[in-house]
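Engineer: Sharing a structure here in structure tokens format.
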Amino acid sequence: MLSGAAINLDANASYGVLPEVIEGIHEALRTLNPSSIHGGGQRARAMVELARDRLAGLLGLSKSERIIFTSGATEANTSAILAPFLSGQAKGSDSSPCWVTSAVEHHSVLEPCRRLGRLGYPGVVIPAPTGFVGPEQIEEAVTTATRLVTVMYGNNETGHRTPLAEVVAAARLKSDCSIHIDAVQHLGKSTERLFDEPIDSASFSAHKIGGLTGVGALVVRSDSQLEPLLVGGAQELRYRAGTENVAGIVAFGIAADVVRKDLHGRIERMWAARRFIEDAIRHRISDHRFNHPLGEGLPNTLSVTFGGLRADDLIVALDLAGVLVSAGAACASGKPESSHVLKEIGLSDADAQATVRISVRADHTPTELERAVEALTRAVELGRTR
Ligand code: PLP
């Protein structure tokens, strides 16, 4: 539950700051520069390192992995994608595709890949009509010229999961390239230890688990030769220049610790809330289609197309009723643009624009969920009579 009366069923956009974070960051707000050698700086340094340990605890990391705090997953993805090319490891001298990604990635992956294309490094965007890429497609796309494979752990819009172990193994069969995972939707929703797979890096975002917006992390292997995207000072072991966002990092650490202590329970509760909403839609609302994978995928994510409705109207009606969801379309320069993900899995523009994403938190009460599905049922009925 969000502060105030609103019920946040838009947790994939932002989970909402945890009360433990609000309680715990006061001291961090008063700290100084963690690079300073005086006491004020050292207190800040200790807080940043505690947050690093806490995030490592949630991710089950060993000494062979290193956490680099960033301004969010967008920066982490951009760094990981541009890095092999910035360092000169990859040459754009011939026309062989040198990076591989999928058509359903987040824009923070697709745009840096497009930039590589503009810089003279061509690549392959694998179609993903099933909502994810599989090992066969990766095996087909990866060649000895490939320097980077970047795929997501789970899709933020549809909840489809990449079969990671198989995809990574398929890429490794063909190349010793960098393998990067956009793991934003992994955090707090899975007990898997990502770095048990032979991947090189993964990106995370604090506000998806109850931390603050504008903070994230790139996790790399300790022996990584990652070329920093931001250069200047020697912060973050020279991997990322710039004075650390101490309060944001501390908040990330607190949220990671809260999530780690009850990870199984939280995932179970997400599943239960998702099933409750699915059942309610099935039994109470006609003409709907689920786009998320039934019984699998991210534990908290539903994508539903409601025939004869505009998602934007539904979002506004639900907002007035105190329930927050999001659309399968984002408004770009005043024009609704259908989600590239929904179009990739075969939805028409009209259907994409009649689609809402419902993404639950781990702490909804039964009363809250009942209120939410009643509001949804009423909003759909009203919307259809207009
Ligand atoms: N990747 C995925 C899958 C996401 O869902 C998001 C945020 O919605 C991002 C990357 C970007 O994260 P940030 O907001 O930290 O830049």
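Engineer: Can you pull the one-decimal nm distance between simple spin-label points at T367 and S96, each 7 Å off the Cα toward Cβ?
Structural biologist: If labels sit at T367 and S96, their model points lie 6.4 nm apart.
Engineer: Starting from the Cα coordinates of the range 65-178, work out the convex hull volume and express it per residue in Å³.
Structural biologist: Here the figure is 112 Å³ per residue.
Engineer: Still on this structure, please answer the following. Which of the aspartates and glutamates could be linked to K343 by a straight reach, that is with a Cα gap under 12 Å, when you skip same-chain ones fewer than 8 residues away?
Structural biologist: The reachable aspartates and glutamates, counting only those whose Cα sits under 12 Å from K343, are E157, D351.
Engineer: Moving on. Once you place label points 7 Å from the Cα toward the Cβ at R282 and S64, how far apart are they in nm?
Structural biologist: Rounded to a tenth, the inter-label distance reads 4.3 nm.
Engineer: Can I ask one more? In nm, give the distance between the simple-model label positions of D319 and A46, each being 7 Å from the Cα along the Cα-to-Cβ direction.
Structural biologist: 4.5
Engineer: Anyone know which of T31, T78, T213 comes out most mobile in the 10 Å Cα GNM of the chain?
Structural biologist: Ranking T31, T78, T213 by mean-square fluctuation puts T31 first.
Engineer: A further question on this structure: Given the convex hull over the Cα atoms of the range 342-386, what projected area results after averaging over all orientations, in nm²?
Structural biologist: With every direction weighted equally, the projected area is 4.3 nm².
Engineer: Can you list the equivalent-ellipsoid semi-axes of the range 243-386, largest first and in whole Å, using the square root of 5 times each Cα gyration tensor eigenvalue?
Structural biologist: That gives 28, 20, 15 Å for the three semi-axes.
Engineer: Right, something else. In the Gaussian network model of the chain, springs joining C-alpha atoms below 10 Å, which of H292, H186, H207 carries the largest mean-square fluctuation?
Structural biologist: H292
Engineer: Which ³J(HN,Hα) values, rounded to whole Hz and listed in residue order, are derived for the range 98-110 from phi using the Karplus coefficients 6.51, -1.76 and 1.60 in 6.51 cos²θ - 1.76 cosθ + 1.60 with θ = phi - 60°, glycine and proline given as x?
Structural biologist: Taking θ as phi minus 60°, the curve returns 10, 9, 9, 9, 10, 6, 9, 5, 5, 4, 6, 9, 5 Hz for the range 98-110.
Engineer: How far is the Cα center of the range 54-82 from the Cα center of the range 98-156, in Å?
Structural biologist: Cα centroid of the range 54-82 versus Cα centroid of the range 98-156: 20 Å apart.
Engineer: Could you estimate the translational diffusion coefficient of the range 7-83 from the Stokes-Einstein equation, with Rh from the Kirkwood formula over C-alpha pairs, at 37 °C and 0.692 mPa s, in whole µm²/s?
Structural biologist: Answer, rounded: 218 µm²/s.
Engineer: If you restrict to DSSP beta bridges whose two residues both lie in the chain, what percentage is antiparallel, to the nearest 5?
Structural biologist: Here the share of antiparallel DSSP bridges comes out near 60 percent.
Engineer: Can you work out ³J(HN,Hα) from phi for every residue in the range 312-317, in order, using Karplus 6.51 cos²θ - 1.76 cosθ + 1.60 and θ = phi - 60°, giving whole Hz and x for Gly and Pro?
Structural biologist: 4, 5, 5, 4, 5, 4
Engineer: In the range 145-222, which trypsin sites (Lys or Arg not before Pro) fall in coil by DSSP and have 12 or fewer other Cβ atoms within 10 Å?
Structural biologist: Taking the range 145-222 and a limit of 12 other Cβ atoms within 10 Å, the loop trypsin sites (Lys or Arg not before Pro) found are R193.
Engineer: Something else: List the extent of the Cα atoms of the range 178-268 along each of their three principal axes, largest first, rounded to whole Å.
Structural biologist: That works out to 43, 32, 16 Å along the principal axes.
Engineer: While we're on this one: List, largest first, the extents of the alpha carbons of the chain along their principal axes, each in whole Å.
Structural biologist: 62, 54, 38
Engineer: I'd like the FRET efficiency for T143 and T191, computed as 1/(1 + (r/R0)^6) with the beta carbon distance as r and R0 of 35 Å, rounded to 0.05.
Structural biologist: 0.55
Engineer: Could you list the GluC sites (Glu not before Pro) in the range 238-318 that lie in coil according to DSSP, counting only those with at most 11 other Cβ atoms within 10 Å of their Cβ?
Structural biologist: E296
Engineer: For the range 248-311, how big is the tail of P(r) above 12 Å, as a whole percent of Cα pairs?
Structural biologist: Every Cα pair in the range 248-311 considered, those over 12 Å come to 74 percent.
Quick note: the coordinates plus some simple rules give every number you see, no bench work behind them. Remember, predicted model here, so these are calculated numbers, not experimental data. Note: ideal-geometry Cβ built from the backbone for every residue, glycine included; neighbour counts use all protein chains shown.
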